[in-house]
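A.B. asks: My questions all concern the structure below.
A short reminder: the numbers here are calculations on the coordinates, not readings from a lab. Since we're looking at a predicted model, the values are computed, not measured. All Cβ positions, even for glycine, are placed from backbone atoms using ideal geometry, and neighbour counts span all protein chains on display.
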Amino acid sequence: MRLSRHTPLAEASDELLMELVVFGKQEALRELYDRYFKLLCRFAHGFVKDEAQAEDAVQEVFITIMRKADSYKPDKKFRTWMLSLCANHCKNLLRNEANRGRIMQEKLTATETSMELNHSLDRAKLKEEIARMLESCSAKENELYHLRFEMDLNVKEIAQILEIPEGSVKSGLFYLIKKLRVPLKALYHEYR
C-alpha cells in the first residue's frame, strides 16, 4: 500500500510507516510509537519485571528504531523486528545489571579483604607492641595477662589455677592494665 497525500498515517501499514521513518518522517515514527508503546511496555515488563524500567527500555527501543531505521528490511514484518529489538535490549539490560551486581560484589569482597588485612595487620602490630611491653613486666604479670587476655579466663578460674585469692588476681590485673594503659594509649593516638 502506497501512502497518498490524502491517506492518514493512522491507516498506513507498519512497514510503510517504517519506510517513511527511513526518509526522516518524524510523524511516521510518532504513529508507530502511539501504536506500539503500551504493547512494548507489557512485553518489556515480562523481562525486567519493573514498570519504570520497562518504559525506559521501550524509549530506548524507539530511539534505536529511529537511529537504525535503514537496517530494517521492508520484506520483514515490522512488528516482529520491533519485538526482537525490544527483547534484545531487555536482555542486554539484564545482563548489564547482572554484571554490575557481580562487579559490585567483587569490589565489596576486595574492600572487605583489604579491611580484614588491615585489621589483621593492626592486631598483629598491637600484639607485637603488647609483647614488647610485657618484656618489662614480671613473670607473674605475664602469667596474669596470658590467662586473662589470651586464654580468656575469668578471675575465679585464674585464682584457682594460680592458687591465689581472687582479690589478688583482681588487684594484679588492675595494676597490669594501669601499667600497659599509657603505652597503649600512645599507640592508639599514633594510628588515629
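A.B. asks: Place the peptides 162-169, 44-51 in order of packing, highest mean first, counting for every residue the other Cβ atoms within 10 Å and averaging per peptide.
C.D. replies: 44-51, 162-169
A.B. asks: What's the extension gain from Gln160 to Ala131 if we count 0.36 nm per residue and subtract their Cα-Cα distance?
C.D. replies: 7.9 nm
A.B. asks: Can you compute the modelled spin-label distance between Lys49 and Ala139, with each label point 7 Å from Cα toward Cβ, in nm?
C.D. replies: 6.8
A.B. asks: If you average the C-alpha positions of segment 148-174 and of segment 4-76 separately, how far apart do those two centres end up, in angstrom?
C.D. replies: 81
A.B. asks: Let me ask you something else. So how many Lys-Lys pairs in segment 9-102 land under 24 Å Cα to Cα, not counting same-chain pairs under 8 apart?
C.D. replies: 18
A.B. asks: Right, next: With Cβ to Cβ distances under 15 Å as the rule, what net charge do the other residues near Arg42 carry (K, R +1; D, E -1)?
C.D. replies: Taking every Cβ under 15 Å from that of Arg42, the sum is 0.
A.B. asks: Here is a further query. Which of the lysines could a cross-linker span from Lys170 if the Cα-Cα distance has to be under 26 Å and same-chain partners fewer than 8 positions apart are dropped?
C.D. replies: Lys170 reaches Lys127, Lys140, Lys156, Lys178, Lys179, Lys185.
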